[in-house]
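Q: I have a structure I would like to understand better, so I am pasting it below and will then ask my questions one at a time.
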Amino acid sequence: MKKFYENVLGGRSGSIGIIILSILLFAILPLALDAFRLNLVGKYLTYAFVAVGLVLLWGNSGVLSLGQGIFFGLGGYCMAMFLKLEASSVENTKIQSTPGIPDFMDWNQLTHLPAMWVPFKHFPFALLAVVLVPALVALIVGAAMFKRRVGGVYFAVITQALALILSLGIDGNQGLTGGRNGITDLRTLLGWDIRTQTAQYVLYFTCCALLIGAILVSRLVLSTRMGRLLLAMKDKEDRVRFSGYDVASFKVFVFCLAAAMSGVGGALFVLQVGFISPSLVGIVPSIEMVIFAAMGGKHSLLGAVYGTLLVNTGKSLFSENFPQLWLFAMGGLFIAVVMLFPDGLAGIYESVRTRFFSKGTKEKATDKVPAVNAAASVALAETGGKS
Amino acid sequence: MKPHMHHQPQKRRSFLGLILASALAAHPLFAADFPTAKVNTTGLAVTDTTVTVGQLHSATGTMAISETGSIQAEQLAIDQINAMGGVLGRQIKVIKEDGASDWPTFAEKAKKLLVNDKVASVFGCWTSASRKAVLPVFEKENGMLYYPTFYEGLEQSKNVIYTGQEATQQILAGLDWIAKEKKAKTFYLIGSDYIWPRTSNKIARKHIENVLKGSVVGEEYYALGHTQFGSLINKIKLKKPDVIYAIIVGGSNVSFYKQLKAAGITSDKQTLLTISVTEDEVLGIGGENLTGFYSAMKYFQSLQNPNNEAFVKAFKAKYGDKSVIGDVTQAGYLGPWLWKLACEKAGSFDVDKIAAASPGIEFKEAPEGYVKLHENHHLWSKLRIGQWGADGQAKVLYESELIEPNPFPKGYQ
Amino acid sequence: MQFPNAILAEYTFSEIKSIFVMQGFAGLSLFSVLLLMALGLAIIFGQMGVVNLAHGEFMALGAYMVYLCSQITADHFPAFQPYYFILAIGVAFVVAALLGAFVEWSMIRFLYKRPLDTLLATWGLSLIMQQAFRSIFGAREVTPTLPEWLMGSFKPTETIDIPINGVFVMGLSLLLTLGIYIFMFRSRTGLHMRATVQNRTMSGAVGINTGLVDRFTFAMGCGIAGVAGAAFTTIGSTGPDSGSRYIVDTFLVVVFGGAGSMLGTIVSSFGIAQAQSVSEFFLEGTMGKVATLMAIVVILMFRPQGLFPSKVRS
């Protein structure tokens, strides 16, 4: 029990953080916001899954992926395929030339369900696929790259290219994927209408619970020996390697974990928003998600959630009131975060805390490790991402 | 409820004249005749003096290029309607939302407009993808969308009025004309890679093969934003089609036509018919790169009729002398007017009543000429063939009869 | 989808020969486009290690400068119309380089030790530049009026057309590559640049003002991007987000060639261009591009350091 308290909840300050976040997500926001705004928050929280994964990957392993949209999208598409098949009953699609297949397939002259889609008729398969497909892709990509010690900027550029390939590939295979329009008009999950207000509330709370779960899992990983090695690796990768550890496998594992979490986020996105399209897979969303994590502070799991909420709320409000200024604000924010607050919200919080509540600093949260930042950044610059 | 129609369409009167006449001489509809409780039974944003509508286009992002014209035209129509006394005696207030060329954002903003702002109707969307993203929202929340773009068809909704042409209206008559006029037998189909070009080319292919007894010698698609067409142009040279049938959109358009010209494929040697180039696109492509090629559209800025002359004049007065008006811009302009007519026919702002009242509505003052709303919520309209000149304006060579909208064409699917 | 044999089967030998020539030219033309895009980045990313995601926006800036010059010429000096384009390229270089110098001074120089953070900051910069273009020049795509001599084609035989704008871009990229080579390897400033890249501390110790060299190098890379953008106005249009369309291709070219190697950049743009142009000929458009990108990524997975790894390691 003690161990669980120390490792997973992160001791006193870590537990307080989790409790505050839970109160915010489960009580304050649902009470303060109307159904529409709460649904928006639910959508933002699905991005937070990706941001939490990025904290593991980037903040704690020093590997920056600019292609996390790939995994968000894969998870989302797996869920959307199941929902679309359910929405395309023969009854619902009787005006089509071939009733019983998704509408966009009919528009593309498909006359039977492609083999790739068939297993997605089964809910358990779809659920597994949401987690496993992203993880599997991450495994292949990660194994190929990390074993060859690709890192840093190279890894970032290659994952960015992969995001482009996937979104182009979806665009180019309309009959199979719905193309640029994506998969739209999703209605029910196992007969349960996901568009009603009650359903939106249920999905919101599910999303919050899973997100807290993802944070706890991440903390658990970081508290293990491997977590500590990851941190050490970020600082001095060669030293860890020379000590006999399989550096690449650690990175592959974290990459897969981050991918699986992103997939869950994508699936929850589809459930709450009702569609998925390649515009959620490509380069721009992938980079934006990095910004969410950076905004929160790339070392802080909880910060990732706050960063995601803050940037997205800003985006929604700004674009409602000053659409022309939005890109200036967003661009300025990126630059400001990098130049002035390299540790994001978590860094600001930390510095306020040390200044005013200096007594509380004795206990260090497991997910906030500013001490190693400087050293790690220097190490990265030295290696330049190359071996 | 009996429709309360003071405003009779007046023939052979210029459009500005009509506005003046209605504002000064005729009896505008007074809000007092239409108590709010009666015209608004579903809790929309309607007060005794105002009615709020939404406008949902991309002001930023890739699509801003195309959607600017629609935003402007819708605003112009709303201003004109307000100057005439509004709708059912109420001034129209507009809430503008930015879809930012991003489909999830479109869905989010649509929901905001309908759920939070309770707008009476929405004028908006441009791409098929954005429409597909918002459609479930409109159906679920029972909103009303006026959609201005020519599109692929295969859709019909109680909650959408399509003011642009569906694919068969835009394609069939144009192909018939070019086949007859140019004795064309072989066609090369080209498109940007998304549903509208693909569906349109599918319809075109069936028509070419089954009706015109011609053949399609090539069909291919390039990602939106693609800028290098060297290989494609070489394939065209190899196949020597009688007609290039092009449905390329956005920035790719400019590269495609520039490179076509640079490769020596010009209108004196090659016939090209497109359904994706309007005056707006020509502004980017440059008239000199298009001279002599044909577009099939329902509207061209150069149309000569009193409605259009007044419209062009009003548009330029508001947005500057250099502004141009394309097909979609004009279709956007129709939206607020058709909505106004529907509200007046229904005597209500309720979405259900407007949806029911819409079929049969005639709008005689449309810049494109007489249009009529079909039961399937699309417009009866004509198709015109325009030939581009170096000045960026088209010379209208052909005009069809009114064509019935047929979003689910039998034999073309 | 059509298959290669179906495409070529029904044609005469001379037709196939002409297509072969023109297809070769299409590949070469794409090669020079990619090379132009990549040259500036090869300096900034390859030599300095700065990941400048706003590189595409510097290209767009150059293109907008040509547009601006074209407008000014048309309004005030119509007689100058046939020649303004050459001057406009110079303007594009100077403006982009000046902005580059300013960006280096205000932002980049604080981030040399944090390459991944540079990436985020420059992405922010790219958003700001995009919106600035939109606010100043409007959301619509613009095209400058080009001199007549740049348009049209050159016909060596009846069946072969060689686009003149393609030849122009090719010539320009050749000239630029040559210029950069001479500058880097034959001039004193070039020597300082290479020295600073290889060993900053040592260079500082022997009296090179490394801060100034950095600023100069970055500005030069941005200026070259501006020239590339200016050249692209002959092939395509310019919109606020034109830059973002180029950025992935550009980075892939540089990474594929092996960052830090000029020769690598040249070889990789040649390889990618030929692959893409051939695959587009035989496959359908989008899938041709996907196939090319896929091939690059797979090769990079097996050879992460690129085709020509830099011999100098820090």
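Readers should treat all values here as calculations from the given coordinates under stated rules, not as data from a laboratory. Fair warning: this is a prediction, and the values are worked out from it, not measured in the lab. Counting neighbours? That spans all protein chains shown, and the Cβs are built from the backbone with ideal geometry, glycine included.
Q: Arrange C:Cys69, C:Cys222, B:Cys343 by Cβ neighbour counts within 10 Å, fewest through most, would you?
A: Working: C:Cys69 21, C:Cys222 32, B:Cys343 24.
Ranking C:Cys69, C:Cys222, B:Cys343 by Cβ neighbours within 10 Å, fewest first, gives C:Cys69, B:Cys343, C:Cys222.
Q: Among A:262-272, B:201-211, how do they line up by average Cβ neighbours within 10 Å per residue, starting with the highest?
A: Values: A:262-272: 28.5, B:201-211: 19.6.
So the order, starting with the most tightly packed, is A:262-272, B:201-211.
Q: What's the ranking of C:96-105, C:28-37 by average number of surrounding C-beta atoms within 10 Å, highest first? Working shown, then result.
A: Details: C:96-105: 20.7, C:28-37: 25.3.
Going from most to least packed, we get C:28-37, C:96-105.
Q: Sticking with this one: Any chance you could give the angle, 0 to 90 degrees and rounded to 10, that helix A:326-340 forms with the longest Cα principal axis of chain A?
A: Between helix and principal axis, roughly 30 degrees.
Q: For labels at C:Trp105 and B:Lys322 in the simple 7 Å Cα→Cβ model, what's the distance in nm?
A: 3.2 nm
Q: Could you give the dipole magnitude of the protein assembly as shown about its Cα centre, charging the beta-carbon of Lys and Arg +1 and that of Asp and Glu -1, in debye to the nearest 20?
A: Details: 94 positive and 76 negative charges, 549 e Å.
Using Cβ point charges on Lys, Arg, Asp and Glu, the protein assembly as shown gives about 2640 debye.
Q: I would also like to ask the following. In a GNM of chain A with a 10 Å cut-off on Cα contacts, which of A:Val131, A:Val290, A:Val221 has the highest mean-square fluctuation?
A: It is A:Val221.
Q: If you don't mind, another one. Got the relative contact order for chain B handy, in percent, Cα pairs under 8 Å and 6 or more residues apart?
A: Details: 851 pairs, mean separation 80.4, N = 413.
For chain B, the relative contact order is 19 percent.
Q: Taking only Cα atoms, what is the 0 to 90° angle, nearest 10, from helix A:283-296's long axis to the longest principal axis of chain A?
A: Tilt relative to chain A: about 40 degrees.
Q: If I model a spin label at C:Leu191 and B:Asp79 as a point 7 Å from the Cα along the Cα→Cβ vector, what separation in nanometres do I get?
A: 6.6 nm
Q: A:Ser89 to A:Thr198: FRET efficiency via 1/(1 + (r/R0)^6), r the Cβ-Cβ distance, R0 25 Å, to the nearest 0.05? Please list the in-between numbers first.
A: Details: r = 23 Å, r/R0 = 0.91.
With a Förster radius of 25 Å, E is 0.65.
Q: A further question on this structure: Normalised by the residues of segment B:159-297, what does the relative contact order come to in percent, with Cα pairs under 8 Å and at least six apart? Please list the in-between numbers first.
A: Values: 193 pairs, mean separation 33.7, N = 139.
About 24 percent, as a whole number.
Q: Still on this structure, I have one more. Output ³J(HN,Hα) for segment B:231-247: one whole-Hz value per residue in order, computed from phi by the Karplus curve 6.51 cos²θ - 1.76 cosθ + 1.60 with θ = phi - 60°, and x for Gly and Pro.
A: Taking θ as phi minus 60°, the curve returns 5, 4, 4, 5, 5, 4, 4, 5, 7, 6, x, 5, 9, 8, 10, 10, 10 Hz for segment B:231-247.
Q: While we're here: Quick check: Cα centre of segment B:28-69 to Cα centre of segment A:107-147, how many Å?
A: 44 Å
Q: Give the long-range amide H neighbours of B:Val122: residues separated by 5 or more places, or on another chain, with amide H under 5 Å away, using H modelled in the peptide plane at 1.01 Å from N.
A: For B:Val122, the qualifying residues are B:Gly54, B:Met144, B:Leu145, B:Tyr146.
Q: Here's something else I'd like to know. Applying the Karplus parametrisation 6.51 cos²θ - 1.76 cosθ + 1.60 with θ = phi - 60° to the phi angles of segment C:189-206, what ³J(HN,Hα) value in whole Hz is obtained for each residue in order, glycine and proline being reported as x?
A: Rounded to whole hertz, the list is 4, x, 4, 4, 4, 5, 4, 4, 4, 6, 8, 4, 4, 4, 4, x, 5, 8.
Q: Take the Cα atoms of segment C:1-148, find their three principal axes, and give me the spread along each one in whole Å, biggest first.
A: Principal extents (Cα only, largest first): 62, 46, 27 Å.
Q: Something else: Report D for chain A in µm² per second (integer): Stokes-Einstein, Kirkwood Rh on Cα pairs, 25 °C, 0.890 mPa s.
A: 113 µm²/s
Q: Now for a different question. Would you please state which residues of segment A:102-141 a label at A:Thr206 would reach in this model, taking the label point 7 Å out along Cα→Cβ and a backbone N cut-off of under 16 Å?
A: Residues A:122-131 qualify, since their backbone N sits under 16 Å from the label point.
Q: In sequence order, what are the phi-derived ³J(HN,Hα) couplings for segment B:99-108 according to the Karplus relation 6.51 cos²θ - 1.76 cosθ + 1.60 with θ = phi - 60°, rounded to whole Hz, with x for glycine and proline?
A: These are the phi-based 3J(HN,Hα) values: x, 6, 6, 10, 5, x, 5, 4, 4, 4 Hz.
Q: Continuing with the same structure: Which residue, C:Asn52, C:Asn209, C:Asn165, tops the fluctuation ranking in a GNM of chain C built on C-alpha contacts under 10 Å?
A: Result for chain C, Cα springs under 10 Å: C:Asn209 fluctuates most.
Q: Would you compute, from DSSP H runs of 4+ residues alone, the mean residue ellipticity of chain B at 222 nm, taking -39500 (n - 2.57) per run and dividing by the full residue count, rounded to the nearest 500? Don't skip to the end; give the middle numbers.
A: Values: 13 runs with 151 residues, N = 413.
Using -39500 (n - 2.57) per qualifying helix, the result is -11000 deg cm²/dmol.
Q: Let me confirm one metric for peptide B:131-137, namely the mean number of other chain beta-carbon atoms within 10 Å of its residues' beta-carbons. It would help to have the intermediate numbers written out before the result.
A: Details: counts 2, 11, 9, 2, 3, 9, 4.
Across the residues of B:131-137, the mean count of other-chain Cβ atoms within 10 Å is 6.
Q: Could you name the lysines in cross-link range of A:Lys234, using Cα to Cα under 21 Å and dropping any fewer than eight places away on the same chain?
A: Straight-distance partners of A:Lys234: A:Lys147, A:Lys251, A:Lys298, A:Lys364, A:Lys368, A:Lys386, C:Lys113.
Q: Per residue of C:19-27, how many C-beta atoms from partner chains lie within 10 Å of its own C-beta, taken as a mean? Could the numbers behind the result be given before it?
A: Numbers: counts 4, 1, 1, 7, 7, 1, 3, 9, 2.
For peptide C:19-27, the averaged partner shielding equals 4.
Q: Still on this structure: Could you tell me the calculated FRET efficiency between A:Leu220 and A:Ser249, based on Cβ-Cβ distance and R0 = 25 angstrom, to the nearest 0.05? Kindly include the intermediate steps, with their values, before the conclusion.
A: Values: r = 18 Å, r/R0 = 0.72.
The formula returns an efficiency of 0.85 here.
Q: If neighbour count is taken as other Cβ atoms inside 10 Å, put B:Lys258, B:Lys316, B:Lys118 in order from fewest to most.
A: Working: B:Lys258 27, B:Lys316 14, B:Lys118 17.
Exposure proxy ranking, most exposed first: B:Lys316, B:Lys118, B:Lys258.
Q: Quick one: helix B:195-206 against the long Cα principal axis of chain B, what's the angle to the nearest 10°, folded into 0 to 90?
A: Tilt of helix B:195-206: around 60 degrees.
Q: Anyone know which of B:Ala173, B:Ala331, B:Ala390 comes out most mobile in the 10 Å Cα GNM of chain B?
A: Per the Cα network of chain B with a 10 Å cutoff, B:Ala390 tops the list.
Q: Using Cα pairs closer than 8 Å and at least 6 residues apart in sequence, work out the relative contact order for segment C:83-225, in percent. It would help to have the intermediate numbers written out before the result.
A: Working: 83 pairs, mean separation 58.6, N = 143.
Here the relative contact order equals 41 percent.
Q: Residue by residue through B:89-98, how many Cβ atoms from other chains fall within 10 Å of the Cβ on average?
A: Details: counts 0, 0, 0, 0, 0, 0, 1, 2, 3, 7.
Across the residues of B:89-98, the mean count of other-chain Cβ atoms within 10 Å is 1.
Q: Find how many whole Å separate the alpha carbon centroid of segment C:100-169 from the alpha carbon centroid of segment C:196-261.
A: Computed from Cα coordinates, the inter-centre distance equals 12 Å.
Q: Can you show me the helix-derived [θ] at 222 nm for chain A, built from DSSP H runs with n ≥ 4 at -39,500 (n - 2.57) apiece and divided by the number of residues, rounded to the nearest 500.
A: After summing the helix terms and dividing by residue count, I get -22500 deg cm²/dmol.
Q: Arranged by the count of other C-beta atoms within 10 angstrom, fewest first, what order do A:Met339, B:Met144, C:Met287, A:Met261 take?
A: A:Met339, C:Met287, B:Met144, A:Met261
Q: Could you work out how far the C-alpha centroid of segment A:296-318 sits from that of segment C:62-86, in angstrom?
A: Taking the Cα centre of each part, segment A:296-318 and segment C:62-86 sit 45 Å apart.
Q: Amide H of B:Ser381: which non-local residues (sequence gap of 5 or more, or other chain) have their own amide H closer than 5 Å, using H built in the peptide plane?
A: When sequence neighbours closer than 5 places are left aside, the close amide H contacts are B:Ile403.
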